[in-house]
Amino acid sequence: MIEKNPRYVNLYIGIPFCPSICSYCSFGSYLYKNDEALDQYLDILTEEMKNISSIIRELALKVKTIYIGGGTPSLLNPKQLNRFLSYTQNLFSSNISREFSFEAGRPDTISEEKLLLLKDYGVNRISINPQTMNSDTLKRVGRNHTPADFYKAFELARKIGFRSINMDFINGLPGETLKDAELNMACVDRFKPENVTVHSLSIKRGSDFHKKNYVNTTNSINTEIMETLYKKHLQTIGMHIYYLYRQKNITNNSDNCGYAFSGYESQYNINIIEEIQTVIAMGAGATSKIVDGNNIVRIGNNKDLKTYASKLSSNTEQIKKMLSRILTD
């Protein structure tokens, strides 16, 4: 899964818009206002995708994975989603060998029509992320969906035929206790996702929590107990930890852990952490990670949409020059 080969690349394509901004989020996401803004963004993004596709063909690179992230990609309406997936398929999918992931993170943005489009265009792994099954906590952190929205979205995804589904939970959300962790694991037992990621709350600069000087000290003992419960429960039902990473200002100096049943590990997730294969990232605020021997060269797109658009050519040319040199060394 993580073979070192300079011709292997993984693609990240970002849709940095959300229906609301979560209190813990510091990503460069824009609050959704209207479809016109999304259409304008897709115009810029598809231009960048064409540029990267040309580089992949010219250098005979092999796409190992595609990951559609955000933001909230499932915020796109069906017409926009069809347009975007059509471009993605035409430009990249014939070259993909294994994994095509889509982050349908907000259950309230998912519909049967959208899931059918994802299935038709070859997406074989999706994320539907409750973060918690406590409806009061969801309101507290600025997520507009309910546990019932999650139930509906997950059941639809299974009905349509998705066989690799990820669920995310966040340990250490304000006010949560061991009872909430038990409720989350009951949800896992009920729906049986192939992947579960347990994030420990990180107070990041740029997040609403950071601006309000929120420090999660009252929950420190609870979150440590809850983390132990998550680990024991997920391993008891047959999952194993296949990747982990740590962030600054993280609750209890803990880890973010990805769990999976054997055979359902996400190759993209492994590569983004291990940094063994190149990741070419497209979209505002996205950062490519070019593997140059034992070095990682980062080439970032600007978060500002106008600056992102103005630097498309120079950034893609920089990526091309770097990959060309690596392949000829």
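Scanning region 164-208 for residues that are in contact with a Pro (Cβ under 8 Å, 6 or more places away or on another chain) and either modelled with pLDDT under 90 or closer than 16 Å to Asn222 by Cβ (or both) yields Phe169, Asn184.
Would you confirm whether or not region 60-69 contains a residue that is closer than 21 Å to Asn315 by Cα, open to solvent by 10 Å² or more (accessible area, probe 1.4 Å), out of contact with any Asp or Glu (no Cβ under 8 Å at 6 or more places or on another chain) and part of a strand (DSSP E or B)? Yes, there is a match, as at least one residue in region 60-69 is closer than 21 Å to Asn315 by Cα, open to solvent by 10 Å² or more (accessible area, probe 1.4 Å), out of contact with any Asp or Glu (no Cβ under 8 Å at 6 or more places or on another chain) and part of a strand (DSSP E or B).
Need the failing condition index for Gly122 against (1) at pLDDT below 95; (2) crowded, with 17+ Cβ neighbours inside 10 Å, just the number. The single condition Gly122 does not satisfy is (2).
Could you please let me know if Gly71 is touching a Cys at 6+ places or on another chain (Cβ under 7 Å), at pLDDT below 95 and under 29 Å from Gly161 (Cα atoms)? Break it down into steps so the answer makes sense when it comes.
Details: touching a Cys at 6+ places or on another chain (Cβ under 7 Å): yes; at pLDDT below 95: yes; under 29 Å from Gly161 (Cα atoms): yes.
It is true that Gly71 is touching a Cys at 6+ places or on another chain (Cβ under 7 Å), at pLDDT below 95 and under 29 Å from Gly161 (Cα atoms).
When the residues of region 294-329 are filtered to those that are within 16 Å of Ile280 (Cβ to Cβ) and not in a helix (DSSP H, G or I), which remaining residue is most open to solvent (accessible area, probe 1.4 Å)? Only one residue fits best here, namely Arg298. Restricted to region 17-54, and to residues there that are modelled with pLDDT of 90 or more and touching a strand residue (DSSP E or B) at 6+ places or on another chain (Cβ under 8 Å), the residue that is most open to solvent (accessible area, probe 1.4 Å) is Ala37. Can you tell me which residue is most open to solvent (accessible area, probe 1.4 Å) among those in region 247-293 that are β-branched (Val, Ile, Thr) and either touching a His at 6+ places or on another chain (Cβ under 8 Å) or not in a helix (DSSP H, G or I) (or both)? For region 247-293, the residue satisfying everything is Thr287.
If the condition is being without any contact (Cβ under 8 Å) to a residue 40 or more places away in the chain and under 16 Å from Met282 (Cα atoms), then region 91-130 contributes Ser93, Phe100, Phe102, Glu103. On the stretch given as region 106-137, residues that are in contact with a Pro (Cβ under 8 Å, 6 or more places away or on another chain) and not in a loop (DSSP other than H, G, I, E, B) total 8.
The values are calculated or read from the model by the stated rules, or taken from the named source; none is laboratory data. Note that the coordinates shown come from a computational prediction; the quantities given were computed from them, not determined experimentally. Glycine gets a Cβ as well: all are built from the backbone with ideal geometry, and neighbour counts include every protein chain shown. Surface accessibility is based on the protein's heavy atoms, side chains included, excluding ligands, DNA and RNA. Shrake-Rupley method; radii C 1.70, N 1.55, O 1.52, S 1.80 Å.
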